[in-house]
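The next block holds one structure in the form of structure tokens; read it before the comments.
The values are calculated or read from the model by the stated rules, or taken from the named source; none is laboratory data. Keep in mind the model is a prediction, meaning the values are calculated, not measured. Don't worry about glycine lacking a Cβ; one is built from the backbone with ideal geometry, like all the others, and counts go over all protein chains shown. The area values use the complete protein model at the heavy-atom level, side chains included, leaving out ligands, DNA and RNA. Shrake-Rupley method; radii C 1.70, N 1.55, O 1.52, S 1.80 Å.
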Amino acid sequence: MAYEVSTGTRFAISTGFGAPVSVTTISNAAPPVIAAAAHGLSAKDPFLLNTGWEDMNGSILRVGSATTGAITLEDEDTTDLIQFPGGSSAGTVRAITGWTELQQVSEISPTGGEQQYAEFAPLSQKYGIKIPTTRSAMSWELTFGWDPTLPGYKAAVNASRANRLVAIRMALPNGGSISYAYGYISVQETPVVASNAVTTGKLTLSMLRPIKTYK
């Protein structure tokens, strides 16, 4: 059991991705191995994976170990052949080539991810049935001290105006957990101004997949 505090948490936005490198297969194993020639990745590197496996497609994952033509995925299990069917895992990996810190973040508010249900009421039963289906779209809203001269603000605005997919990294202090998310970023470029209060800005990351956290 462990507890983590948020004071000292740092955020960063990706500023570039490498060229796509073809993935021929991903093994059904724990941990799984990605076959990708000349991928250029090293242990602990985060990267973007696109694959035919829906539950991993469009995810920022981390390298466990690497050889010239293969990557072992850290903290992953693809042994479920229903969730990860053989013969459909091909895709690409892309290295993250740069990060810029998102400075002065004061608060993060997650929304979405709630389980949705299909409801059914058989005539022969007194009680209805709720069957889980999809989950609602997920997002992070970040509040930050507004300063349009900061590099992180400029990088976020550029991505927002271009409707460009980005990765966001959240690193807790003192060697705590590191979380990665991937999605569309939207910056509210008009600051929030109030009497006797710090001027703030807001940005939203609409995630394609749930965040992935590493210890």
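Which value in deg cm²/dmol, rounded to the nearest 500, describes the helix-derived mean residue ellipticity at 222 nm for the chain, given -39,500 (n - 2.57) per DSSP H run of n ≥ 4 and division by the residue count? Write down the numbers at each step before the final one.
On the way: 1 runs with 11 residues, N = 215.
Counting only the DSSP helices, I get -1500 deg cm²/dmol.
Before anything else, pin down the relative contact order of the chain: Cα pairs under 8 Å, at least 6 apart, normalised by residue count, whole percent.
Numbers: 514 pairs, mean separation 47.8, N = 215.
Rounded, it is 22 percent for the chain.
How compact and how long is region 74-118, expressed as Rg and Dmax of its alpha-carbon atoms in Å?
Here Rg and the maximum Cα pair distance are 17.9, 45 Å.
Which of (1) 1.18; (2) 1.65; (3) 0.91 is the computed Cα Rg over 2.2 N^0.38 Å for the structure on display?
(1)
May I ask you to rank ILE82, ILE34, ILE178 by accessible area, largest first, using a 1.4 Å probe over the protein chains only?
Values: ILE82 155, ILE34 0, ILE178 45 Å².
Accessible-area ranking of ILE82, ILE34, ILE178, largest first: ILE82, ILE178, ILE34.
Could you work out the per residue convex hull volume over the alpha carbons of region 8-73, in cubic angstrom? Kindly include the intermediate steps, with their values, before the conclusion.
Details: hull volume 7.4 nm³, N = 66.
That works out to 113 Å³ per residue.
Taking only the alpha-carbon atoms of region 112-215, what semi-axes of the equivalent ellipsoid follow from 5 times the gyration tensor eigenvalues under a square root, in whole Å, largest first? Intermediate values should be presented prior to the final figure.
Details: eigenvalues 274, 65, 42 Å².
The three semi-axes for region 112-215 are 37, 18, 14 Å.
Out of all Cα-Cα pairs in region 99-170, roughly what percent, to the nearest whole number, are more than 16 Å apart?
Values: 1674 of 2556 pairs.
More than 16 Å apart: 65 percent of the Cα pairs in region 99-170.
Largest first and to the nearest Å, give the Cα extent of region 52-133 along each principal axis.
61, 44, 19
Got a number for the accessible area of LYS202? Probe 1.4 Å, square angstrom, nearest 10.
The value for LYS202 is about 60 Å².
For ASP75, what accessible surface area do you get with a 1.4 Å probe? Give it in Å², rounded to 10.
Estimated to the nearest 10 Å², ASP75 gives 100 Å².
Taking a probe of 1.4 angstrom, what is the accessible area of VAL187 in Å², to the nearest 10?
Surface open to solvent at VAL187 totals about 20 Å².
List the longest stretch of the chain that has no exposed loop site; here a site is one of the GluC sites (Glu not before Pro) assigned by DSSP to anything other than H, G, I, E or B, with at most 12 other Cβ within 10 Å.
On the way: sites that count: GLU4, GLU54, GLU114.
Result, exposed sites excluded: 115-215.
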